[in-house]
Amino acid sequence: MEKMKAGLEYSYADEELIARKGRAIKWCEEYNAIDGMDYQKQYDFLKQMLGGVGERVWIAKTFNCDCGKNIYIGNDFTGNFNLTILDIREVYIGNHVMIGPNTLITTVGHPLSFEKRRGYMAQAKPVTIGNDVWIGGNVTILPGITIGNNVVVAAGAVVTHDVPDNTLVGGVPARTIKEIH
């Protein structure tokens, strides 16, 4: 756990990590079983499940995560259908953020070396998403990425580098398309 928190390679076969992921799987099952029209019950459950939740936060079914307690969401958030957040490390999401369907935010990666992968090694880095961000559908955000304020990430993009404020990015890998204001 200490190596993981320090951003070093760690074993994802660690018993504490396995137990934490097991709790998250159960939480996600419970959350996804809530009546889709019972917004208050969904919101109340997210407030218990996640590390921090602002006002007017909604995540559609099906939502999946690795921990839950490492996700911090500001006010006025919409996470559309099939949102997956692999929050081995922290994921910070600002205010007024919309995330399209089938999006993956991941804080964890694995080594290129097959020997290390066979040894269950991983490395994790936090992800930060600023305020007033729109992330289109089918987007992937990789570990360690910071997305600035007033950013639009086009559908289908794979974000492999930090994105500055006031930018529209798209493509694989995501590249700047233009500045926006």
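When the range 113-129 is filtered for residues that are within 23 Å of Gly171 (Cβ to Cβ) and either open to solvent by less than 10 Å² (accessible area, probe 1.4 Å) or over 14 Å from the mean Cα position of the chain (by Cα) (or both), the ones remaining, listed by number, are Val127, Ile129.
Note on the range 1-38: among residues that are among the aromatic types (Phe, Trp, Tyr) and under 18 Å from Lys116 (Cα atoms), the one that is surrounded by the most Cβ atoms within 10 Å (Cβ to Cβ) is Tyr10.
The values are calculated or read from the model by the stated rules, or taken from the named source; none is laboratory data. Being a predicted model, the structure only gives us computed values, none of them experimental. In this analysis, Cβ positions are derived from the backbone assuming ideal geometry, glycine residues included, and neighbour counts consider all displayed protein chains. Remember, those area values only see protein heavy atoms, side chains included, never the ligands or the DNA or RNA. Shrake-Rupley method; radii C 1.70, N 1.55, O 1.52, S 1.80 Å.
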